[in-house]
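Accompanying notes for the structure given below.
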Amino acid sequence: MGTLPPELLAEKEDLLKDRVAIEMKRYFKADFKRIGHATKVARHAERIGKMERGNLAVILCAAYLHDIGIHEAERKHNSTAARFQEQEGPPIAREILEKLGAKEALIEEVCDIIGHHHHPREDDTISFKVMYDADLIVNLTETLKEKPKTGEELEDLIAKAFLTESGKKEARKAFDL
C-alpha cells in the first residue's frame, strides 16, 4: 500500500496526543489537581516545543503522562517522591500508549522521559528538555504562591535551572518578568 503522506502522519500524531490527554484524565478520574497539573505542563510544553522545533508528539505525550505513576507511588511506597513516580510511571505510560497504537520508538522515548523527568542527564533529548522546562514552570508557579520570590531571584533561578532558551522565555512570560 505504501506509506502515508507526511501531512496525514502529522495528523495521526496530533490525534495521538489528544487521545493520550483523554486517557490521562480517565486514569486520574476525579484527581483534578493532577489532571490540571498535566494539562498546564502540556500547554507550556507545546509552546516551548514549537519554538524549539521539537517532536510535539513525544513532547505532549510525555507532558500529559509525566506524573502518571504518582498514584502507584502513593499506593506501593506511601510516597509521592520523584524517584517513586519515575519508577512507577513508565509501565503505566507504556500500557496507555500501546493501547492507543503508538509506535515503539515514541513509546520508548516517552517512557525514558517519564523515567527521569525530575533528573536531567548530560545527553538528554530536546523533547526531555522541553518537558522538563514546562514542568518546572508549573511547579514553580505552584511554589511561588506559598513562597514568593523577587524578580531578581526568579531571573537567577531561570538562568540556572531551565534547559532551553525557549523554556527561559516561556518562564519569564509566565512570571511576568
**OP:** Answer yes if at least one residue in the stretch 140-157 is in contact with a helix residue (DSSP H, G or I) (Cβ under 6 Å, 6 or more places away or on another chain) and at pLDDT 95 or above, and no otherwise.
**Re:** no
Subject >> One residue from E108, E23, E74 being open to solvent by 60 Å² or more (accessible area, probe 1.4 Å), acidic (D, E), part of a helix (DSSP H, G or I) and more than 24 Å from E142 (Cα to Cα) >> reply: E108
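Limited to the stretch 26-43, what total is found for residues that are among the aromatic types (F, W, Y) and more than 24 Å from T141 (Cα to Cα)?
Of the residues in the stretch 26-43, the ones among the aromatic types (F, W, Y) are 27-28, 32.
If we keep only those that are more than 24 Å from T141 (Cα to Cα) as well, we get 27.
Residues meeting the conditions: 1.
Among the residues of the stretch 42-61, is there at least one that is over 30 Å from K169 (Cα atoms) and either modelled with pLDDT under 95 or in a helix (DSSP H, G or I) (or both)?
We begin by selecting, within the stretch 42-61, every residue over 30 Å from K169 (Cα atoms); these are none.
So far as the stretch 42-61 goes, no, none of its residues is over 30 Å from K169 (Cα atoms) and either modelled with pLDDT under 95 or in a helix (DSSP H, G or I) (or both).
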**OP:** Quick one: in the stretch 114-150, of everything that is closer than 19 Å to I35 by Cβ and among the charged types (D, E, K, R), which residue is most open to solvent (accessible area, probe 1.4 Å)?
**Re:** K145
Original post:
Considering only the stretch 77-96, how many residues are closer than 16 Å to E23 by Cβ and either assigned to a loop (DSSP other than H, G, I, E, B) or open to solvent by 50 Å² or more (accessible area, probe 1.4 Å) (or both)?
Top reply: 3
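The values are calculated or read from the model by the stated rules, or taken from the named source; none is laboratory data. In this text the structure is predicted, and so the values were computed from the model without any measurement. All Cβ positions, glycine included, derive from the backbone under ideal geometry; neighbour counts span all protein chains shown. All accessible areas refer to the heavy atoms of the entire protein, side chains included, with ligands and DNA or RNA removed. Shrake-Rupley method; radii C 1.70, N 1.55, O 1.52, S 1.80 Å.
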